[in-house]
Structure formats: structure tokens, C-alpha cells
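Engineer: My structure is below; once you've seen it, I'll send some questions.
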Amino acid sequence: MATTAISTTVERRWTRSRVLATRYAWGIVGYNILVILWGALVRATGSGAGCGNHWPLCNGQVVPLAPRVDTVIEFTHRCMTGGAAFAVIGLLLWVFRSTLKGQAARGMAVVSGLLLLNEAFLGALLVKLGYVTGNQSLGRVVMLSVHLSNTLLLLGALTLTARLLGTGQRWREMRQGALRFLWAVAGLGATLLVAVSGSLAALGDTLYPSVSLRAAVAADFSKTAPMLLRVRWVHPASAVVAGAFVLWLVATAWRQGEHALVRVIASLLAMQFVLGAADVLLLAPVWLQLIHLFGADLYWVALVAGAAMLVFPERSTTGFSKQQV
């Protein structure tokens, strides 16, 4: 009788710790979206060189004195990134304290930490190589693509950490079936390509602003136009490919009773198409680029959560068993 009471008490404490850790994890997901948006503001305003060719210092100082506007924007982004680093370290420690060996959230928390380290390295590399502000080199295009891919993978890993913390699922609960897993990976990969190509299109709009819609379309098909403009077609083309995955995901989720998730994904997808069309018609003003990116981040988080639902269909209630007390 006493053993049962002790086991119940321990289980409740363990469950409460995991619930709080889950809320904290979702909070970190939201905070990282803000970091991404501020990073886009750095690019859109040409503030990437606001701290000069210095990293981690800003113009050779820990805290810049009498900073210019571009310095304030860039330094704020670095501070936000530093805050994200401490937050993810805290999440990693909390996940291991509130879960058991074999739970999937542990693995995703470790992946999040590794991707965060790589994020800091890539950010420093962009600054040290001068791939900021008006740099139009191929190296900047490649580095920007790699950096954005890592950013979205980090956001996806944090999303999976939060979701798997909430469900308490283990690796062994992963649905058997290579086809479903490959579909999920391929679909998310296509969506990642949409995001990367969209970022490159936004960079092209920033470096080579068009005076009219007709001029913008003409530049896309001109052999003499800069490469960033000639590859803008990849963005809508990859969106069509990714759309096939989304249709499959939505149909499968609906059959499994995940109606709320389906409505969220469909609404965010519709919003992205509207914002994308507005971007083209209004010649991509900065404020609209940020709104479009915000919607894209929310859409990515929803898709990753949906893919996790397909790969991990079984949900335990606590992730804790009395036999393990």
C-alpha cells in the first residue's frame, strides 16, 4: 500500500515536470521564430555589417558605444541569438531530468543543441567572410542557403522536442513502414526547398529592386539578369511539389481524426499563397516580407508537428511506468 502511494506521488511529480518542460519547449519555439524574423530584418535593412567584421564582439566592443542604427539592429540580433543559446541549453537539461531513457524527446533535444551550435558557427562565418549587406557573390548565395536550411532544421527539431515531450513517446513507438517515413521526410525536404528559394528570392528583391511588376517578370527570364533574379522561378515551382505532400498529409491527418491540425495547416497554406501573391504585386516591401516569413515559420512548425503525428501515431499518457520507479 505504501509502495503504491509512493509510486503514485513520484509519477505525478514526474508528469508535472514534463508538462512544464513541454510548455517551456513551445515557448522556445516561439522565441526562435522571433529571432528568425529579426534576422530577416537585418538582411532587409542591410544591417548585416552593423558590427563590422567582428564576431562575437561588435566593432571590437562587448557593448557598442554610440552605435548607428544598423549597429543597433545587428547587435540586437546577436543578443537574441545568445538568449536562444542559453534557452536551448536549459531545455536540454530539463528534458533529461523529466524524461526516461528511450524517450524520443531526448534525442530531438540533443539534435536541437547541435543545430544551435552550427547556427552560431554559420552566423559567424557570414560576418567574417563579408557575406552581408550588398555582397552579391555566389558564395553568399550558397552560405545563405545553408544558413537558412540549418535555421529551419533547428526550428523543426525544437518543434519535435516540444511535441514528443507532450506525448511522452518512445523511439520504439515509431510507426513501422518505410514508405510513410520516406513520404514525411521527402515532403518536409520539399517544403524546406520552398523556404530556401523564397529567401533567395527575397534577397534578390532587396539587392535588385524592380520599378514595376513587368520589369520584375522580364528580369526573371533575361539572360543578362543577375543569377539571383534568374532563379526566382524555383520558389513557385518547388511550392507546387511540396503541395503534393501537404495534400497527402492533410488527407491522412483528417482520416486519423486530427481535424484541428488539418484546419491549421490549410489556413496557414492559404495565407502563404495570398501573401506570396501580394509580395509579387507590391514588389516585396520589407514589412510584407516579414509577415510572409512569419506565416512561413508557423506553417513549417505545423507541418513538422503533422509529420510527427504520422510517424508517431501511438501516444502514451505519461511516458512513465510504475515498474520503472
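Engineer: Given points 7 Å out from each Cα along the Cα-Cβ axis, report the V146 to A66 separation in nanometres with one decimal.
Structural biologist: About 3.8 nm separates the two model spin labels.
Engineer: Same structure again: Under the 0.36 nm per residue contour assumption, what length would be gained going from the current alpha-carbon distance of L125 and I291 to full extension?
Structural biologist: 57.0 nm
Engineer: Between S137 and K101, how many nm apart are label points set 7 Å from Cα along the C-beta direction?
Structural biologist: Simple spin-label model gives 4.9 nm for this pair.
Engineer: Can I ask one more? Points 7 angstrom from Cα along the Cβ direction at L93 and V110: gap in nanometres?
Structural biologist: Output for this residue pair reads 1.9 nm.
Engineer: Counting only other residues whose beta carbon sits under 10 Å from that of G198, what net charge do I get with K and R as +1, D and E as -1?
Structural biologist: Taking every Cβ under 10 Å from that of G198, the sum is 0.
Engineer: Taking neighbour counts of Cβ atoms within 10 Å as a proxy for exposure, in what order, fewest first, do H259, H54 appear?
Structural biologist: Values: H259 10, H54 13.
Fewest-to-most Cβ neighbours within 10 Å comes out as H259, H54.
Engineer: Moving on. Tell me, T133, T167, T159 in order of fewest to most beta-carbon neighbours within 10 Å?
Structural biologist: The order, fewest Cβ neighbours first, is T133, T167, T159.
No value in this document is a laboratory result; all are computed from the given coordinates. All values derive from a computational prediction rather than experimental measurement. Every residue, glycine among them, receives a Cβ derived from its backbone with ideal geometry; neighbour counts consider all protein chains shown.
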